[in-house]
Each structure stands twice: as C-alpha cells, then as structure tokens.
Amino acid sequence: MQNKLSPFLKTIMILGYGFLYVPIFTLILFSFNASRQVTVWKGFSTKWYASLLQDDVLIKSAWISLEVALCAATFAVILGTMAAVVLVRVGRFKSRRFFGLLTAAPLVMPEVITGLSLLLLFVGLEQIIGWPKTRGILTITIAHTTLCMAYVTILVRGRLADMDRSLEEAALDLGARPLKVFILITLPLISPALIAGWLLAFALSLDDLVLASFVAGPGSSTLPMVIFSSIRFGISPQINALATIIITTVAIGVMVAGWLMHRKKY
C-alpha cells in the first residue's frame, strides 16, 4: 500500500514546482501577447514569431549558440568519457590524484576566473604561435568544452564505477580485443550516462554568459550575450518567442532522451 503525502508536503511540493515552472509558463504565455509591453496582456497574437524571423541579430546569435553548444557538448562527452575511463579503469599511476583534481577543477572554479585565465591563454598563444588569430566561435567552443567536460567526467565515472564488468570479462576471455569490447559492450552499457552528460553539457553551453563574454570576439556574440545586452533597453517580445522555441525544443529532446534511457533500462 502506497503512503499518501500529507497536506503539508503537498503544499510544499506545489509551491516548489510553482516557483520553478510558473515563470516559464508565463514567458511562453506572453510570447503570444499582442502588446509590445511584455508585462501587459492585450490579446492573443503570433506576430512576434513572424517578427522574430526578421530579427537578424537574434537569429544569428541563436545559431551561434546552437553551433557552439552542439560542438562543445560532443567534445565534452568524448573527452569526459576518456578522462573517466582513465580514472576508473587504469590502475594507480603517478599523478593520478592530481589528474582527478584537474578534471574537477572547473566545477569549483568561479567562471570569472576561468574566463579570464582562458582569455589570457588565447592572447598568449596568439602572440607565441599565432593561433588563434581571432577570438570567436572556436574559442567559445574550447571554453565551454573545458567547463562541460568536468560534469561529463563525473557522470560517466560514476556509471563506470558501478557497472558490472562480467560481460566485458567474458568477451575478453572469448578473444575479443579491448577496443572492440569497449565499443560494443562498454559504450552501450554506459549510454544513459553519455546521453545525460551530453544533454547537461548542451544546456550549460547554451546558457553560459560569463565564459563567452571573456573569449568571444567581434561577430560571435551568443544568444545569452545579446539578451543580456538588450536588457538595459527592456525585454523584447521577440526574445520571449525565441525562448519559447528553445524551451519547446529542449523539452522534446529531454523527453526523447528519457524515453531512450527508460527503454535501455528495461
């Protein structure tokens, strides 16, 4: 028999979910507002979605953010998985603890310090070897990969540590090469952690403002940078429309990923 929640716990749960999701639903609602003032409702309209298609600055910044997020999330999963395998599967080696601290450093380092250090790194590299010649999408992707890799490493490391290695050992005993075992057995078993890590890295990159502000160059402003710079003039209804599209896309992606992980589990 299932235990029922007390009225107090139900109230706390409703207040908690309301605090999290009511602002999002309000933003979606006002993206269909006919008024240009985002706090005054004057009827239902979809004109701001049509107006969004004509806003070249927002569209360009949104595409830059998506491009950076896709690349950064993919690279973070690859590098984070490699780091997790080294920390879990490779035996004790010299500087192992130091390597573990390095992979977790971006989690506890203030983004202002990380952004400033990366900016100084890129400036120094440009003076020494001439690369990167300009700061832009590439430097933002490197910065976001550095941050997101730490989160992916923790997720994959936990999954690898808890995984039953009997299937891998059986495949090795039957003569399979370690690389083939890793690709055909290990990766499918840790795929829920990989998917979760990729989604988390994608969301972190898409949302980041501080790191991008330090390492971005002319013509490479991300969507958070454009939105933040426009706040001083007031929130534009086009921003609500674009945010609604992003929220819908991310929600669909999360539901698909959850369905895939649930299917993999059962």
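Read-outs: derived from the displayed coordinates by stated rules, not from any lab. Values in this document were obtained by computation on a predicted structure and should not be read as measured data. Backbone-built Cβ (ideal geometry, glycine too); neighbour counts: all protein chains shown.
Has the range 28-38 got any residue that is touching a strand residue (DSSP E or B) at 6+ places or on another chain (Cβ under 9 Å), among the aromatic types (Phe, Trp, Tyr) and surrounded by 17 or more Cβ atoms within 10 Å (Cβ to Cβ)? Yes, because at least one residue in the range 28-38 is touching a strand residue (DSSP E or B) at 6+ places or on another chain (Cβ under 9 Å), among the aromatic types (Phe, Trp, Tyr) and surrounded by 17 or more Cβ atoms within 10 Å (Cβ to Cβ). Taking the numbered list (1) closer than 27 Å to Ser220 by Cβ; (2) surrounded by fewer than 18 Cβ atoms within 10 Å (Cβ to Cβ); (3) not hydroxyl-bearing (Ser, Thr, Tyr) in turn, Leu118 passes all entries but (2). Cβ-Cβ distances below 9 Å connect the following pairs, each with a first residue in the range 12-26 that is on the phi < 0 side of the Ramachandran plot, a second residue that is assigned to a helix (DSSP H, G or I), and a separation of six or more residues or different chains: Ile24/Ala243; Ile24/Ile247.
Scanning the range 128-148 for any residue that is in a helix (DSSP H, G or I), out of contact with any helix residue (DSSP H, G or I) (no Cβ under 6 Å at 6 or more places or on another chain), more than 24 Å from Ala62 (Cα to Cα) and without any contact (Cβ under 8 Å) to a residue 60 or more places away in the chain turns up at least one such residue. Here the range 149-163 is the region considered, the condition is being closer than 15 Å to Arg89 by Cβ and in contact (Cβ under 8 Å) with a residue 24 or more places away in the chain, and the residue that is surrounded by the fewest Cβ atoms within 10 Å (Cβ to Cβ) is Ala161. Using the structure shown, decide if Leu172 is in contact (Cβ under 8 Å) with a residue 40 or more places away in the chain, out of contact with any Asp or Glu (no Cβ under 9 Å at 6 or more places or on another chain) and on the phi < 0 side of the Ramachandran plot. Criteria not met by Leu172.
Taking helices (runs of 4 or more DSSP H) as the structural unit, those lying wholly within the range 170-266 and holding at least 2 residues that are more than 16 Å from Leu155 (Cβ to Cβ) and either more than 15 Å from the chain's Cα centre (by Cα) or of a type in the set (Ser, Thr, Tyr) (or both) correspond to 178-181, 210-215, 223-230, 237-265.
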